[in-house]
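Note sheet for the following structure.
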Amino acid sequence: MHQLLSSDDFFEKERIGVQIKRIEMNGDRDHYANWDWDFGAELGRTHKNKLKHDYTSSTDYARKTTQQVRKISSDLSKKFFSNGSELAFSFDRSLPIKDEEMHDKNDYQKDKNTTEYLNDMSVSWSLPLLKNKNGIIDQKTYDIAVLDYEDEKLVLAEAQEDFIEDKMSEFIDWVAYKWKIKVVDNSLMTLQESQEYATKVSLRDADAFARAIDKNNRLLLNFRSKLKAQNILLLGSIDTLDFAKNPPTLKQNFQANLVKNIKLHGQYKVRDLMRIKLEMLKNDRYISSYKNEKMADLDFTISASRDDNKGNYTSFSKSSEIQYEAKLIFSYSLSGDIGNQVYLDKYQLKTRQLELKFNSKLKDIVSSANKVGTDIKQGRVQLALIEQQLKLFKLNEEFKFYLKGDGEARFVIDEQNDYQDLLLERIAVLIDLYTNKLMYDSLLDRLLPLKL
C-alpha cells in the first residue's frame, strides 16, 4: 500500500492540484500581509514661450521659460492580519530648476533662475472600526484560498483511497484464486492416489476416478487462468514485488473492527462530509463578508508629516513644517449596494441547501455502512457454521474403507467432492467478508494510512 501511494504517476493530476492551491493560498497571504514597497522617479524638461502683444506695463513677465523636473518618491505600506489596520510610509524629494527670460514693455530685462528642494515625509496608521473591521472584507480572498487548499488535499486523499480500494479488490480476488487452486490441488492428489490403487483392483473404479480427476483438472485450469490474468493486473501496479518468492496473502482468521457510532465517525472522518463542511465554512465566510459590506465606513487614522523647503528665490526661503493629525472618518451609502444584497441573499439561501446536502450524504453513508456491517456479521456466522462442519467432517474415511476393500469408488469421489465444495464455500464466504470489509472501510474512509 505504501509503495502504491509513493508513486507520483498515479496521482500526478491531484498532486499538481494541491500544489496550485498552495501557491494561490500563499500568494493571497503575501499579497495581503507583505510589505508593499514602491519606488518612482521622474526626469523632465519643459520649454514655454509666452509673447504678450501691445504690452505697456513695466512689470516683468517670463517670455521664455525652461523648467527641469527632478523627482524621486517611495511608498511603503503593510496591512495586519490581527486587526485589519494599515501602516503607510511615504517620502518624496523634488529638485526643480526654472530658468526664465524676463521682459517688460521695453523688451528684454534679465534672466531669472530659481532652484529649490522639496522634501515630503509622512507616516500614517489607519484602523477600520465598522466596515472591514479586523480585515473581514480584505482578508476574504485569503480565507477562501485556505479552505480551497484544504479541500484539494481531501481530493488527493480521496483519489488515493479509491486507487487503494481498486487494487485491494484485485488483490482479494488474487488470493481467492490462490486458495481455490490449493484446495483443488489437494483434492486431486487424493483422487490420483485412489485412481492408482483402483487400476490394480477395478478398471471400472479407475474410470470413475479418471472422470472425477478430469473434472477437477478443468476446474483447476479455470482457476489458474484467472490467477494469471489477476497477476498481470497486480504486477502492473506493484512491479517491484516478487509474488512468486514472497507471495502476500490474507489471514484465514477473519477480523473486522466495526464502528460503534457510524454517524459520529462520519461527521468527522468521512472526506465527502468533510468537503461539504468546507463548503459550509466558505459559504459562512462569504455571508460574514457581505454582511459587513452593508455597514458604514468608520476609520480611525493617526498620521504625522514633515515638509522641508529651501530655494534661492529669497533669503528667508528655507522652511520646515511638521503636522500631526488624528481623525475619525465616517461615510455611509443611503441608497445601499444592490449587488452586495443579491450575493448576501444567495449565500444565506445556500446555507440551508448545504445543510440538506450534508444530512442527505450522512444518511446515505450511515445506511450503507450499516448494511455492509450487517452483511459482515451474517458472514461471520456463516463462516463459523462452515468451520464447525469442517471440524466434524471425517475426511478420507471412505478412502480408508476403499483401501481395505470395504468401500466403493463413488463414495470416495463423493467424499472428496463434498469436502472440496465445503472448502470452496468457506473460501467464498471468507472472500465475501474481506470484500465487505474493504467496502466498509472505504465507505468510512479508513483505508488510507494516517502516515504515508
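The values are calculated or read from the model by the stated rules, or taken from the named source; none is laboratory data. Given the structure is predicted, the values throughout are model-derived calculations rather than measurements. All Cβ positions, even for glycine, are placed from backbone atoms using ideal geometry, and neighbour counts span all protein chains on display.
Quick notes on this one:
- Those residues of the stretch 100-128 which are under 19 Å from Gly311 (Cβ atoms) and modelled with pLDDT of 80 or more, in sequence order: Leu118, Asn119, Asp120, Met121
- The single residue among Asp30, Asp75, Asp60 that is under 46 Å from the mean Cα position of the chain (by Cα), surrounded by 10 or more Cβ atoms within 10 Å (Cβ to Cβ), in the same structural domain as Tyr117 (by TED's automatic domain parsing) and more than 30 Å from Gln160 (Cα to Cα) turns out to be Asp75.
- When we screen Lys140, Lys131, Lys153 for residues that are over 26 Å from the mean Cα position of the chain (by Cα) and under 30 Å from Ser289 (Cα atoms), the only hit is Lys131.
- All told, Ser187 falls short of being assigned to a helix (DSSP H, G or I) and within 27 Å of Asn436 (Cα to Cα).
- Residue match in the stretch 94-111 (condition: under 24 Å from Arg22 (Cα atoms) and either in contact (Cβ under 8 Å) with a residue 12 or more places away in the chain or of a type in the set (A, V, I, L, M, F, W, C) (or both)): no
- Residue in the stretch 147-165 that is closer than 30 Å to Ser305 by Cβ and part of a helix (DSSP H, G or I) present: no
- Residue in the stretch 329-343 that is in a strand (DSSP E or B) and under 30 Å from Lys71 (Cβ atoms) present: yes
- Yes/no for Ser77 being within 30 Å of Pro128 (Cβ to Cβ) and outside any strand (DSSP E or B): no
- Test: residue in the stretch 421-438 that is over 30 Å from Asp162 (Cα atoms) and surrounded by fewer than 20 Cβ atoms within 10 Å (Cβ to Cβ): yes
- You will find that of Asp299, Asp307, Asp272, the residue that is of a type in the set (Asp, Glu), surrounded by 10 or more Cβ atoms within 10 Å (Cβ to Cβ) and at pLDDT below 95 is Asp307 and no other.
- Pick from the stretch 210-228, criterion within 15 Å of Lys180 (Cα to Cα) and among the aliphatic types (A, V, I, L, M), ranking: surrounded by the fewest Cβ atoms within 10 Å (Cβ to Cβ): Leu221
- Residues that are more than 30 Å from Asp418 (Cβ to Cβ) and without any contact (Cβ under 8 Å) to a residue 40 or more places away in the chain within the stretch 163-199 comprise just one, Asp166.
- When the stretch 308-359 is filtered for residues that are charged (D, E, K, R) and within 30 Å of Leu281 (Cα to Cα), the ones remaining, listed by number, are Asp337, Asp345, Lys346, Lys350, Arg352, Glu355, Lys357.
- Asp38 vs. criteria in contact with an Asp or Glu (Cβ under 8 Å, 6 or more places away or on another chain), among the charged types (D, E, K, R) and at pLDDT 90 or above: yes
Residue-wise test of (1) under 46 Å from the mean Cα position of the chain (by Cα); (2) in the same structural domain as Phe254 (by TED's automatic domain parsing); (3) outside any helix (DSSP H, G or I).
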residue	(1), (2), (3)
Asn359	yes, yes, no
Asp364	yes, yes, no
Thr374	yes, yes, no
Lys377	yes, yes, no
Arg380	yes, yes, no
Leu383	yes, yes, no
Gln389	no, yes, no
Lys394	no, yes, yes
Tyr402	no, yes, no
